[in-house]
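Report on the following structure.
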Amino acid sequence: MPLAVPSVPGAVPVLGHTRMLSRKPMDFLSSLTSGPDLVKIRLGPHPVVIICNPDLTQQMLSDSRTFDKGGPLVDLVAPLVGEGLATCPLSKHKPARQLFQPIFNRGMAAAHANRFPSAVAKVTAGWRDGLVLDMPVEARRLTIQVAVDTLFADVFSEQEVDQIADDLTSWQVGAAQRMSRPPVFDLLPTPTNRRFDVGLKRVRQTVTEAITRHRRSGREKVGVLGALLSPEGERIPWFNTPTLVDHAMTFLIAPTATVSTVLCWIWHELAQRSELQARLQTEVDTVLGGEAPTFEHLPELELTKRIVTEALRLYPSIHFAPLRTVTTDTRLGEYDLPAGTVVAYSPYIIHRRHDLYENPELFDPDRWLGAKLPMPSRHAFIPFGHGTRQCIAGEYAFNEAVLTVAAIASHWRLESVAGTPLPTRGSVNLTPRGLRLQVSRRISFDETTDAGQPHGTEGGRQRPTQSKAWLI
Ligand code: HEM
């Protein structure tokens, strides 16, 4: 006899559980770690079933035919990324995945990894001793620079990169609001709504122009645009200009929104734990000896890798993913799910279960001593999802985070700023809203040589997003 999926108490009229999920996402999701396998909540008018059990999560993620992309989050991001790789239905997924897969194959890992530190240095070149940084803003600039340098073969100018970073930030702030209020408010002419609309239009326009430019240029076609404009891409029947923009946008927002939040949480934890930060500095000093990190250093950056793994466990960027819709009546565990049911999974819930982890709430990189990183356990560790729709760039993202943390730790110390609270916001990603940290230059190496900084960036770039700290 199938069971009825129990509802989580606390829904309020109109909004349902939306406000709890956006205002206190960690408390809300933590409360579901030891309850029933499936629970039902309401996001505004939409009922959503959340899978809280690791086996059922694997079962759902392994069956992308019965659980296809769809649901309120897919609808929310559709104007930005349309039917890009992360949001397209299964019927359009395989050819697109095959098109982009070679960019992230093992053979490309070293080439990407060796470009990360110079992209990071373009941003940190603007840091000065004692500067207080708005970390979500800074991390976003950093990760967009990395994405552009590694995946877009320099098709964007410096100004365009800054504008894209700003526009994506405006979009994310607006998206967070849209997730936690009735849609009628989206139509009001508020500053956030205006910036959301302008940012969305402008960023898609910027990308459309870059595609046109790249198509006309005689330059070698590599990276994401190279794949889109390749003969294989041209042969995909539904690839028209808006679809190309959907895919390109996906490869701008996906790396930016995710890696940036993981970096923020790592820096937050390091700033709280001076002993751990000192151990990290000892490791990077020993392994790098003042040089910029490269792919070859990765095996030796053991503690750095454990820190990144622990951050991916405790603060998975995609913490709550209402991204699937049931295509045909099915059963999951002891529950019947009719076609049309919206289903969410949550790496956050799985990663904080007491039956899977000892002291799950504790940030303890040493719990991974001796583990096989970056994927220690497919069952209990799912920051990149699982199955055919799993992250295409898991290894890229892991290496990016490791090498960025190493590059920064070898030159900078990050410290908390007294009196700055940390209100977490749950929107599309788990963001440490308002995280401000002070950076100070380390003096363990001859800093007068600016080791690790690429030539030509010593003065640092202008910081257009810095004045918009209030945005996030
Ligand atoms: C820490 C960083 C990252 C995390 C935690 C993360 C997490 C995820 C997760 C959980 C999914 C699966 C979503 C689902 O089940 O529907 C996903 C998919 C995806 N991710 Fe990532 N991601 C990260 C970084 C990146 C980066 C750096 C890129 C691009 C360079 C990227 C591109 C994508 C794409 C294109 C998909 C869709 C894959 C498909 O459906 O075939 N992600 N990511």
_Which count do you get for residues in region 114-150 that are among the β-branched types (Val, Ile, Thr) and either under 19 Å from HIS411 (Cα atoms) or not in a helix (DSSP H, G or I) (or both)?_
6
_Looking at the structure I just gave you, is ALA147 under 30 Å from LYS221 (Cβ atoms), of a type outside the set (Asp, Glu), touching a residue at least 12 places away in the same chain (Cβ under 8 Å) and surrounded by fewer than 20 Cβ atoms within 10 Å (Cβ to Cβ)?_
no
*Has region 290-312 got at least one residue that is in contact (Cβ under 8 Å) with a residue 12 or more places away in the chain, within 20 Å of ASP27 (Cβ to Cβ) and surrounded by 24 or more Cβ atoms within 10 Å (Cβ to Cβ)?*
yes
*Considering ALA111, ALA153, which residue is within 15 Å of the ligand (Cβ to nearest atom) and outside any helix (DSSP H, G or I)?*
ALA153
*For region 365-422, what are the residues that are away from the ligand (no atom under 16 Å from the Cβ) and either under 18 Å from ARG106 (Cα atoms) or in contact with a strand residue (DSSP E or B) (Cβ under 7 Å, 6 or more places away or on another chain) (or both)?*
LYS372, HIS411, TRP412, ARG413, LEU414, GLU415, SER416, VAL417, THR420
_Identity of the residue in region 158-180, in contact with a helix residue (DSSP H, G or I) (Cβ under 9 Å, 6 or more places away or on another chain) and under 13 Å from ALA210 (Cβ atoms), that ends up farthest from the ligand (Cβ to nearest atom)_ = GLN163
*asked:* Cβ contacts < 8 Å: first residue outside any helix (DSSP H, G or I), restricted to region 389-406; second residue near the ligand (Cβ under 6 Å from one of its atoms) and not hydrophobic (A, V, I, L, M, F, W, C), any location; separation 6+ or different chain. Result?
replied: CYS391/GLY385; ILE392/ARG97; ALA393/PRO255
_Regarding region 193-200, can at least one residue be identified that is in contact with an Asp or Glu (Cβ under 7 Å, 6 or more places away or on another chain), part of a helix (DSSP H, G or I), small (Gly, Ala, Ser) and farther than 22 Å from ASN399 by Cβ?_
yes
*Output yes when any residue across region 86-108 is away from the ligand (no atom under 14 Å from the Cβ) and either of a type outside the set (Phe, Trp, Tyr) or touching a Leu at 6+ places or on another chain (Cβ under 6 Å) (or both), and no when none is.*
yes
_region 227-241 residues that are more than 16 Å from ARG216 (Cβ to Cβ), paired with ones that are surrounded by 11 or more Cβ atoms within 10 Å (Cβ to Cβ) and polar (S, T, N, Q) (beta carbon under 9 Å, 6 or more apart)_ = GLU232/GLN98; ILE236/THR243
*What single numbered condition from (1) more than 16 Å from the ligand (Cβ to nearest atom); (2) surrounded by fewer than 20 Cβ atoms within 10 Å (Cβ to Cβ); (3) part of a helix (DSSP H, G or I) fails to hold for VAL203?*
(2)
*asked:* Of everything in region 321-341, what is under 29 Å from the mean Cα position of the chain (by Cα), more than 9 Å from the ligand (Cβ to nearest atom) and on the phi < 0 side of the Ramachandran plot? Give them in sequence order.
replied: PRO322, THR325, VAL326, THR327, LEU332, THR341
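Show me the helices (runs of 4 or more DSSP H) found entirely inside region 1-100 where at least 2 residues are crowded, with 16+ Cβ neighbours inside 10 Å and under 19 Å from the mean Cα position of the chain (by Cα).
Answer list for region 1-100: 18-23, 25-30, 72-81.
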*asked:* Of the residues ILE318, ILE266, only one is at pLDDT below 95, within 15 Å of the ligand (Cβ to nearest atom) and out of contact with any strand residue (DSSP E or B) (no Cβ under 7 Å at 6 or more places or on another chain); which?
replied: ILE318
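The values are calculated or read from the model by the stated rules, or taken from the named source; none is laboratory data. Keep in mind that what you see is a predicted model, and the values were worked out from it rather than measured. Ideal geometry is used to build each Cβ from the backbone, glycine not excepted, and the neighbour counts take in all protein chains shown.
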